[in-house]
Amino acid sequence: MPLSLYNPSLKHACWALLLCTGVFIINGNLSDPNLFNKLLDIVSFTHVLRLASLPADAPLGHLNPAVFAYVDVEALISLFKPACAIDSSSTIIWVSSTFVYGLNPTSTPIVESNPIDHLATLFASGKNTTEEIAYAYRYTYGLSITTLHLFTDYNP
């Protein structure tokens with residue numbers, strides 16, 4: 001599944017800045033069911049910040065929607081599932097998008113009480129699906145999940 005839209009050197013430059021501050025960075029496949037458990041052998045943590053996403057305007061979304069489903073749905077479930085078995089008090093913060101508010105937000109600036117309907121892109125549909133999955137995991141397993149609606153995110 002080719003995700004080579006961006007030059008990896010940009011990502012590595014960002015990592016270098018973060019590593020200088022003591023941030024622990026993992027370069028791995030989020031849908032690897034063993035990744036989370038392997039991480040627990042290396043480091044203990046109370047918070048997980050998941051910033052993985054594909055850009056909303058990428059032509060890849062319409063050319064290959066399965067890639068978006070893979071990144072949005074499968075990889076998010078691969079994070080939530082082991083978190084349930086370990087400690088439901090751990091906090092998971094993850095990125096969705098303001099695209100879930102669709103074509104006609106009821107107010108601007110957009111607020112959380114705006115309805116989520118009239119989705120215009122496959123990207124928005126995928127993000128909406130993951131928000132429903134996050135809600136189900138929070139409700140069913142008591143996970144502490146925070147969803148961020150970013151207007152523009154950049155992940156090389």
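The values are calculated or read from the model by the stated rules, or taken from the named source; none is laboratory data. As the structure is a prediction and not an experimental result, all values here were calculated from the model. Cβ atoms come from the backbone with ideal geometry, glycine included; neighbour counts cover every protein chain shown.
For beta carbons closer than 9 Å, sequence separation of 6+ or different chains, a first residue in region 1-26 that is modelled with pLDDT under 85 and a second that is assigned to a loop (DSSP other than H, G, I, E, B) and of a type in the set (Gly, Ala, Ser), the qualifying pairs are Leu5/Ala58. Restricting region 38-84 to residues that are at pLDDT below 70 and out of contact with any strand residue (DSSP E or B) (no Cβ under 8 Å at 6 or more places or on another chain) leaves a set whose member that is surrounded by the fewest Cβ atoms within 10 Å (Cβ to Cβ) is Pro59. Would you pick out the residues in region 127-144 that are closer than 30 Å to Leu10 by Cβ and at pLDDT below 90? Across region 127-144, the qualifying residues are Lys127, Asn128, Thr129, Thr130, Glu131. Across region 111-150, the qualifying residues are those that are among the acidic types (Asp, Glu) and touching a residue at least 12 places away in the same chain (Cβ under 8 Å), and the one among them that is farthest from Val71 (Cα to Cα) is Glu112. Scanning region 85-112 for residues that are over 15 Å from Glu132 (Cβ atoms) and either at pLDDT 80 or above or among the β-branched types (Val, Ile, Thr) (or both) yields Ile86, Thr91, Ile92, Ile93, Val95, Thr98, Thr106, Thr108, Ile110, Val111.
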